[in-house]
Ligand code: TNX
């Protein structure tokens, strides 16, 4: 489908399957003299404090809603993804106070994590939370982040201890500290998601957590080719991944409808190939500086960007810019539909390999991560032997750049290349060709379309998305096991999971969030949590507590009927939020401070 859903505003009770923003769970401190209780002075007062009347109205709505919301104590076990081991201590909660200090090991990467923690906590608490770096942090009276050198915690594990005296997060690496911080964030009241100070008891449940990930590869993919999303949208998506301990962002940078990254040696790829998008949506592309900003922002959050240049198919946009690469040598007009499988760069033309070498060379130079994704899906018009030879040659180009290759599982028939990864997106769980590639040495990233494709609709009435791989509500996203999913593939061959979001029908940040939440946390839990913790009832109960967090952060989500959300969405009047696709709309990457997102509905 090519049409966007209508975005409706409604004040009726919210049915499942619409974009919602529930109110925040905690009151904002409203000085009556500023809230307009007395009528006309409100505007003047609002101007005096730099807030618009609309902002004040929204704050008042949030306050009213918070008064209706039941206060629920957070338990140590409420974390998503579920930690490996939890030992609650009901006698030992810690109350974060305004004089708390964050102490951190004297290591630049650890200090950076402490800086993030302070930045997460300061807006809502209003506390100064100074960060001090000492060689031997102590837990008393604050939060200590300690590089403890505990080898058993591995590259990404952490230990979290909460006592009445304070909080201690210990890890062998800065990444481990980072994941401990994400856990800590979830143990504070949802009001911590507010962008401005709120009155709240910042109580943390007592006890200990020991936590390590099940898989090293825990990712999500964003298709910025079908619809283009500006840098600030991507940064906000990175924040969403970080919350749930994901460590890979796969960017699908090129497709038939758009080429989204500037390539100096082939400049028209972006300027001509990036001009359009699906339907009438505006195009756009990242400059190399934009891309580097995304990569650096992700790295700062322990997330590696995996760039995908889809080859040899899904290349129509490149052909519009450089007709010499087309099989008939003629540049076609732009394509704005949503069909797949019709385009390819000419494997018989040596210029094609110049193009591939130049493009992948520039991308590699901009990408510190180990992986280059070469696509490889749906090249329906390229004969099998020609396709395999093409993929093998591209694999050699990637190896010559010192990188490891990833491709969709269609590249399975090509010869093995060292450390190559195949990304499984089938729906059957049974593919002898992929199993054979694994026997030859490939490892797998699992993105089964019938569980992990976040562009699938939740339900028949979901306003956007596809259904070719079925409907995927939260349980369908959650209830499968990566280790035993593919027949003939041993558990050791599975490197991890990834949730792709294709964007043929997804046109705005709000719609991205609506498709990510709450399914992204489900896939994240499959990637992080030990199988022994896998339990649908537990998951949905824990997930429910995240709704108020998302709402407070201004994150749109699907109020799945499968999840016992703590309260019905309190109706809040909304104004339409325009799509940000194609426009570099500046939006805070760390908060939903602009107010609630628009609702999309069929109403
Ligand atoms: C298949 S999955 C595709 C994409 C589409 C997607 C829509 C894969 C590797 N290719 O080109 O966007 O389905 O769900």
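Of note:
- The single residue among 378, 385, 392 that is within 23 Å of residue 340 (Cα to Cα) and touching a strand residue (DSSP E or B) at 6+ places or on another chain (Cβ under 7 Å) turns out to be 378.
- Look at (1) in a loop (DSSP other than H, G, I, E, B); (2) away from the ligand (no atom under 16 Å from the Cβ); (3) out of contact with any helix residue (DSSP H, G or I) (no Cβ under 7 Å at 6 or more places or on another chain) and you find that residue 195 fails only one, number (3).
- Of the residues making up segment 373-395, just one is more than 16 Å from the ligand (Cβ to nearest atom) and outside any helix (DSSP H, G or I), namely 383.
- Selection status of residue 294, under 30 Å from the mean Cα position of the chain (by Cα) and part of a strand (DSSP E or B): no
- Residue within segment 305-312 that is crowded, with 16+ Cβ neighbours inside 10 Å, more than 16 Å from the ligand (Cβ to nearest atom) and closer than 19 Å to residue 236 by Cβ present: yes
- Looking across segment 240-274, the residues that are away from the ligand (no atom under 16 Å from the Cβ) and under 14 Å from residue 293 (Cβ atoms) come down to 249, 261, 262.
- Condition met for residue 404 (away from the ligand (no atom under 16 Å from the Cβ), within 29 Å of the chain's Cα centre (by Cα), over 23 Å from residue 314 (Cα atoms) and modelled with pLDDT of 95 or more): no
- Filter result (in a helix (DSSP H, G or I) and within 16 Å of residue 306 (Cβ to Cβ)) within segment 396-423: 398, 409, 411
- Meets criteria (within 26 Å of residue 431 (Cβ to Cβ) and either away from the ligand (no atom under 14 Å from the Cβ) or surrounded by 24 or more Cβ atoms within 10 Å (Cβ to Cβ) (or both)) for residue 477: yes
- Qualifying positions in segment 498-509 - farther than 13 Å from residue 221 by Cα and either surrounded by fewer than 24 Cβ atoms within 10 Å (Cβ to Cβ) or within 16 Å of the ligand (Cβ to nearest atom) (or both): 504, 505, 506, 507
- Criterion: part of a strand (DSSP E or B), away from the ligand (no atom under 16 Å from the Cβ) and touching a residue at least 12 places away in the same chain (Cβ under 8 Å) - qualifying residue of 495, 526: 495
- Taking the criterion of being surrounded by fewer than 22 Cβ atoms within 10 Å (Cβ to Cβ) and either within 13 Å of the ligand (Cβ to nearest atom) or touching a residue at least 60 places away in the same chain (Cβ under 8 Å) (or both), the residues of segment 443-462 that qualify are 448, 449, 450, 457, 459, 461.
- Residue match in segment 219-229 (condition: on the phi < 0 side of the Ramachandran plot, modelled with pLDDT of 95 or more and away from the ligand (no atom under 16 Å from the Cβ)): no
- Candidates 465, 488, 470: the one that is within 15 Å of the ligand (Cβ to nearest atom) and surrounded by fewer than 19 Cβ atoms within 10 Å (Cβ to Cβ) is 470.
- Scanning segment 325-344 for residues that are away from the ligand (no atom under 15 Å from the Cβ) and farther than 14 Å from residue 273 by Cα returns 327, 328, 329, 330.
- Filtered residue count, segment 424-438, keeping only those that are part of a helix (DSSP H, G or I) and either away from the ligand (no atom under 16 Å from the Cβ) or surrounded by 13 or more Cβ atoms within 10 Å (Cβ to Cβ) (or both): 6
- Scanning segment 408-419 for residues that are within 16 Å of the ligand (Cβ to nearest atom) and either closer than 17 Å to residue 372 by Cβ or within 21 Å of the chain's Cα centre (by Cα) (or both) turns up 408, 409, 410, 411, 414.
- Residues located in segment 167-183, provided they are closer than 17 Å to residue 239 by Cβ and touching a helix residue (DSSP H, G or I) at 6+ places or on another chain (Cβ under 7 Å): 178, 181, 182
- Sole exception among (1) buried (at least 20 other Cβ atoms within 10 Å of the Cβ); (2) out of contact with any strand residue (DSSP E or B) (no Cβ under 8 Å at 6 or more places or on another chain); (3) part of a loop (DSSP other than H, G, I, E, B) for residue 242, by number: (3)
- Residue in segment 185-201 that is within 19 Å of the chain's Cα centre (by Cα) and crowded, with 24+ Cβ neighbours inside 10 Å present: yes
- Annotation: of all residues in segment 261-284 being farther than 15 Å from residue 319 by Cβ and either touching a strand residue (DSSP E or B) at 6+ places or on another chain (Cβ under 6 Å) or free of Cβ contacts under 8 Å to residues at least 24 places away in the same chain (or both), the one that is surrounded by the most Cβ atoms within 10 Å (Cβ to Cβ) is 277.
- Yes/no for residue 235 being under 30 Å from residue 527 (Cα atoms) and outside any helix (DSSP H, G or I): no
The values are calculated or read from the model by the stated rules, or taken from the named source; none is laboratory data. Predicted model only: the values in this text are computed from it and were never measured. In this analysis, Cβ positions are derived from the backbone assuming ideal geometry, glycine residues included, and neighbour counts consider all displayed protein chains.
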